[in-house]
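Structure, as structure tokens:
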Amino acid sequence: MSTNQIEQFRQFKNDITRFMMAYKFALDAIDTKLEILKEEFQFLHDYNPIEHTKSRLKTPESIMRKMYKKGFEITLPSIKHNIKDIAGMRITCSFISDIYRIQEMLAGQSDLKILEIKDYIKNPKPNGYQSLHLLIEIPVFMSDRQEQVCIEVQIRTIAMDFWASLEHKIFYKYNQAVPDRLLQELKAAADSATALDQQMERLHTEITEIKEGNLELEEEERNQIRISNQQFEIPEALLRLMGGEDPLS
């Protein structure tokens, strides 16, 4: 191998490393934002809408396979333009309402740009899959430049994540047609998960309303106690009258 070829290989290695680092830093930035939102929400509302998060970064080999499969040119600009799920973040929530609350909080970040929304909760996939997918662009500040990096963010409830995870394990690397009977059972399981989500959402809402009502009642009682314990200055003449003295003497 010539010196020129070695230098070209070294340069290619540096370029692909920096390329992948930008996506890693983007995931780190999103993770930091989520941690801040979690702590702030916990402090203000004594409640955390995020159960847990999980990030993943595609390997260069996986990226190359996808590029070959789709017939795209194998260059870094082409990869960045055509592959939007190199970096992924999954956010698992307790309730359906939390999913849209987190979406609103991310949309309110001035340095984030939501490029695309796919709502598989309001419009589930035929097999029953549900999740909210966001394609988010975030700035990453490198030593010599600023990169705009895309991250795919999936937000789902615990029940949705449970179903999707097991569905993936059941059919992982299964390349044949799935029998209709199994597809119907899979869809029925997804419907059961949806019913559970809706029931837990209703219970959560009712308990929250009860708690808020109790807090308002406690606040009213505290106000009444403060009023009843308030000290008033009694005129000296009234004190003498209460003691049996003639106030005019």
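Just a few scattered comments:
- Qualifying positions in region 93-104 - under 22 Å from TYR23 (Cβ atoms) and surrounded by fewer than 20 Cβ atoms within 10 Å (Cβ to Cβ): GLN103
- Verdict on GLU51 being part of a strand (DSSP E or B), open to solvent by 30 Å² or more (accessible area, probe 1.4 Å) and charged (D, E, K, R): yes
- Some residue of region 64-75 being open to solvent by less than 80 Å² (accessible area, probe 1.4 Å), part of a helix (DSSP H, G or I), modelled with pLDDT under 95 and under 30 Å from THR157 (Cα atoms): yes
- Filtered residues of region 1-21 (kept if modelled with pLDDT under 70 and either touching a strand residue (DSSP E or B) at 6+ places or on another chain (Cβ under 7 Å) or of a type outside the set (S, T, N, Q) (or both)): MET1, ILE6, PHE9
- Single condition ILE79 does not satisfy, out of (1) modelled with pLDDT of 95 or more; (2) buried (at least 18 other Cβ atoms within 10 Å of the Cβ): (1)
- Residues that are free of Cβ contacts under 8 Å to residues at least 40 places away in the same chain, polar (S, T, N, Q) and in a loop (DSSP other than H, G, I, E, B) are absent from region 76-87.
- Search result, residues across region 120-146 that are buried (at least 16 other Cβ atoms within 10 Å of the Cβ) and either without any contact (Cβ under 8 Å) to a residue 24 or more places away in the chain or within 18 Å of LYS33 (Cα to Cα) (or both): TYR120, HIS133, LEU134, LEU135, ILE136, GLU137, ILE138, VAL140
The values are calculated or read from the model by the stated rules, or taken from the named source; none is laboratory data. What you are looking at is a predicted structure, and each value in this text was computed from that prediction instead of being measured. All Cβ positions, even for glycine, are placed from backbone atoms using ideal geometry, and neighbour counts span all protein chains on display. What goes into the accessible areas is simple: the full protein's heavy atoms, side chains included, and nothing from ligands, DNA or RNA. Shrake-Rupley method; radii C 1.70, N 1.55, O 1.52, S 1.80 Å.
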